[in-house]
Amino acid sequence: MDGSRGTAPWLAPDLLPEAEPGGGWGWWTGGRTWPMDLDLLRDELRQDPLRTKPPQVVLVTAPGAARALPAAEVPELREAVLGKFETILGGKVRRSAPLAALFGGLAVLGLLLGAPPGLLLLVAILFLDPASRLSEAWLDLRRLRRRPEAFLQQLGREIRFGWWLQGQARRKPWTTWILAGSWAAIYLLQVATGLDASVGAAGLVKAKVAAEPWRLLTGTMLHGSWLHIAMNAFAAVLLGTLIERVAHRHLLAPVWLLGALGGSLASWWLLPNGDSVGASGGLMAWLGFLVVLAWRRRELLPPDFFQGMARAVLAMALLGLFAWGIVDNAGHGGGLLVGALAAALIFRAPSGDLPLEAGWGLRISGLLGAAAFLALAVFTAAKVLSP
């Protein structure tokens, strides 16, 4: 890729493992090449979707190639790869459609009949997983049938990006874990002192914000139930790890704090009669940040990266619609907007490298953000434990 448009390690020509000198056709897995002739390799690709256990055929070696290659990038394997994914994607559509229809219908019926918000939330969660898998598989299958070459090119980019991410797994996302662990620790304090009492002491109680503005931030460190903290911790690990690896770990705390504050302000302004707790405003800021990052650096990232982030935003919108009685949609929207604006500022140049270089500005903002988050965690814990 032209360096003027930016570079990324997953685009490096030496990313994938070296092939054995003088080697021919083969299946690369487990750190070695399993030699086989071209016809047998094609059969392996065609049969692979029918297996109940991994590995999936992803990387292959070819005569004259210095490195292993995604099978999608090898012309001789084109038809076998397309047939393989026709089977995989068709199966996903057939399996996901009935579940998506069932839980989607239940969610709409519950909404029309005025079901309890907690039940609506549960049904909406059950609907979103098959609906997401269905939409993703249907769009990919449509692309495969209408533009097979574009599908293969996208698949090759996804495999290279996934290979790089797999290599990054050795570097643990400590910043993400520390933030999520802090929320979990504070939730345990809430349980010990009483959830209702902790919300009264440090939650975003709208009637008290004018006199105690610190509640705009302490409320974002609290959670209302084990399901609430579990969902937010799960989302934090997914989104935070991506930001740490694709952008930079120094961005996590500052973006979360800004999004948490923006979400609380939006909630206070737009929903003045409802109290609120939860880290979701800051997490939505991470999501908004990733959406804009994926769009602004789309020449570097695989196409499914932006599509995945956009689907996540749509999923959160649907979740907010079905469970509007217990989901703080104003807080979510405010956080999403703040995160998107932060990314638009950071990635305002039309091109650039990923991950970001840790210059002085980024280091200072990261240190200040981490210090502010730690201070907020201690202050919140003190408020929860206070009489």
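Taking amide hydrogens as modeled 1.01 Å from N in the peptide plane, which residues meet the under 5 Å criterion relative to VAL60, leaving out close sequence neighbours?
TRP28, LEU69, ALA71
Leaving out ligands, DNA and RNA, what percent of the accessible area of segment 229-300 is carbon and sulfur, probe 1.4 Å? Please report the intermediate quantities before stating the final value.
Numbers: 1770 of 2560 Å².
Its accessible area is 69 percent carbon and sulfur atoms.
With a Cα-only, solvent-free Debye model of segment 220-329, what are the log10 I(q)/I(0) values at q = 0.17, 0.18, 0.19 Å⁻¹?
These q points yield log10 I(q)/I(0) values of -0.84, -0.94, -1.03.
Please report Rg over Rh for the chain, where both radii come from the alpha carbon positions and Rh follows the Kirkwood definition. Could you put the intermediate results ahead of the total?
Values: Rg = 23.6 Å, Rh = 23.1 Å.
The Rg/Rh ratio comes out at 1.02.
With just the Cα atoms defining each centre, how far is segment 210-232 from segment 74-120? Give it in Å.
33 Å
Using 0.36 nm per residue, how much length does the chain from LEU40 to GLU86 gain when fully extended, once their Cα-Cα distance is taken away?
So the extension gain works out to 14.6 nm.
What does the charge dipole of segment 302-387 about its Cα centre add up to, to the nearest 20 debye, if the Cβ of each Lys and Arg holds +1 and the Cβ of each Asp and Glu holds -1?
Its charge dipole is roughly 180 debye.
Report the charge-dipole magnitude of the chain in Debye, nearest 20, computed about the Cα centre from +1 at each Lys and Arg Cβ and -1 at each Asp and Glu Cβ.
So the dipole magnitude of the chain works out to roughly 380 debye.
If you take the alpha carbon radius of gyration of segment 105-144 and divide it by 2.2 N^0.38 Å, what ratio comes out, to two decimals? Provide the component values of the computation, followed by the final result.
Values: Rg = 13.3 Å, N = 40, 2.2 N^0.38 = 8.9 Å.
Taking the Cα Rg and dividing by 2.2 N^0.38 Å, one obtains 1.49.
Among LEU112, ALA71, LEU144, pick out the residue whose Cα is farthest towards the positive end of the charge dipole of segment 32-179, where Lys and Arg carry +1 and Asp and Glu carry -1 on C-beta, about the Cα centre.
Towards the positive end, the residue furthest out is LEU112.
For the chain, what does the helix formula give at 222 nm: sum of -39500 (n - 2.57) over DSSP H segments with n ≥ 4, over the residue count, nearest 500 deg cm²/dmol?
That calculation yields -21500 deg cm²/dmol at 222 nm.
Sorting check: for 137-148, 285-296, 241-252, which peptide has the highest mean count of neighbouring beta carbons within 10 Å, and how do the rest follow?
285-296, 241-252, 137-148
At a probe size of 1.4 Å, how large is the accessible area of LEU319, to the nearest 10 Å²?
Here the accessible area works out near 10 Å².
From the gyration tensor of the Cα coordinates in segment 1-157, what semi-axes in whole Å does the equivalent ellipsoid have, largest first, with each one equal to sqrt(5λ)?
In descending order the semi-axes read 40, 19, 14 Å.
Volume per residue, Å³, of the convex hull around the alpha-carbon atoms of segment 266-387?
Output value, Cα hull per residue: 127 Å³.
What are the membrane-span-like helices in the chain by this rule: whole DSSP H runs, Cα extent along the axis at least 15 Å, mean Kyte-Doolittle hydropathy at least 1.0?
Length and hydropathy pass: 174-193, 226-242, 252-270, 280-296, 303-322, 329-346, 360-385.
With no solvent and one point per C-alpha, what does the Debye sum give as log10 I(q)/I(0) for segment 130-284 at q = 0.15, 0.17, 0.19 Å⁻¹?
Values, matching the q order: -0.87, -0.99, -1.11.
Rounded to the nearest percent, how much of the accessible area of segment 63-108 (1.4 Å probe, protein heavy atoms only) is carbon and sulfur?
67 percent
Hey, got the dipole for segment 55-162? About the Cα centre, +1 on K and R Cβ, -1 on D and E Cβ, debye to the nearest 20?
Approximately 120 debye in magnitude.
Per residue, how much accessible area does the chain show when a 1.4 Å probe rolls over the protein heavy atoms, in square angstrom?
Dividing the accessible area of the chain by its residue count gives 50 Å².
How big is the gap, in Å, between the Cα center of segment 367-387 and the Cα center of segment 12-34?
50 Å
Specify which residue in the list LEU222, LEU155, LEU242 is farthest towards the positive end of the charge dipole of segment 150-309, using unit charges on the beta carbon of Lys, Arg (+1) and Asp, Glu (-1), about the Cα centre.
Of the candidates, LEU155 comes out farthest on the positive side.
The values are calculated or read from the model by the stated rules, or taken from the named source; none is laboratory data. Everything numeric in this text was worked out from a predicted model, so none of it was measured. Because the Cβ atoms are built from the backbone with ideal geometry, glycine has one as well, and the counts that use them run over all protein chains shown. Surface areas here come from the heavy atoms of the whole protein model, side chains and all, with no ligands, DNA or RNA. Shrake-Rupley method; radii C 1.70, N 1.55, O 1.52, S 1.80 Å.
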